Amino acid sequence: MNPHEIRIHAEVLIEIVVACLQCSVNDLPPRVERLNDFEENKNTVSAVRKICRQIAQDNEIPVELVGSKKQINQLLKWCWFKQDETRAAGMMPDLLSSWRAPLFKDELLKVNSLQLADVLAKEL
């Protein structure tokens, strides 16, 4: 913040900090989950990328169209987090829906760290 903003808002900011310091640990929101916090993240991403490359090669489709980094992360969040954007919208991850589903489902079930069979059983 620049000095002018500090001069104008200092009292309010101090009140907010004091109020936060007085909160009990039970009143704090839950810790935000991140994919990087999961030990299996790197190996699982590598396994899913390998599946994407193989499917792309087998079907002569550019790998970027088969499974992007964003779509892989969407799948991991859907499998590992209790709440995520895809689930909140009532949707399945891109790699498990539409034309990709028959190509990916059986292969992704083989990736143990995804725990996909358990997640699918809960969702369906």
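The values are calculated or read from the model by the stated rules, or taken from the named source; none is laboratory data. As the structure is a prediction and not an experimental result, all values here were calculated from the model. Here the Cβ is made from the backbone with ideal geometry for all residues, glycine too, and neighbour counts use every protein chain on show.
Odds and ends about this structure:
- Flag for N36 being more than 28 Å from R100 (Cα to Cα), free of Cβ contacts under 8 Å to residues at least 12 places away in the same chain and in a helix (DSSP H, G or I): no
- Pair list, Cβ < 8 Å and 6+ apart or interchain, from segment 97-122 residues that are farther than 17 Å from F81 by Cα to residues that are surrounded by fewer than 17 Cβ atoms within 10 Å (Cβ to Cβ) and polar (S, T, N, Q): L103/N59; E107/Q54
- Between L108, L76, the distinction of being under 22 Å from E39 (Cα atoms), hydrophobic (A, V, I, L, M, F, W, C), under 14 Å from the mean Cα position of the chain (by Cα) and surrounded by 13 or more Cβ atoms within 10 Å (Cβ to Cβ) belongs to L76 only.
- Selected residue (criterion: farthest from V63 (Cα to Cα)) from residues of segment 83-97 that are modelled with pLDDT of 95 or more and assigned to a helix (DSSP H, G or I): L96
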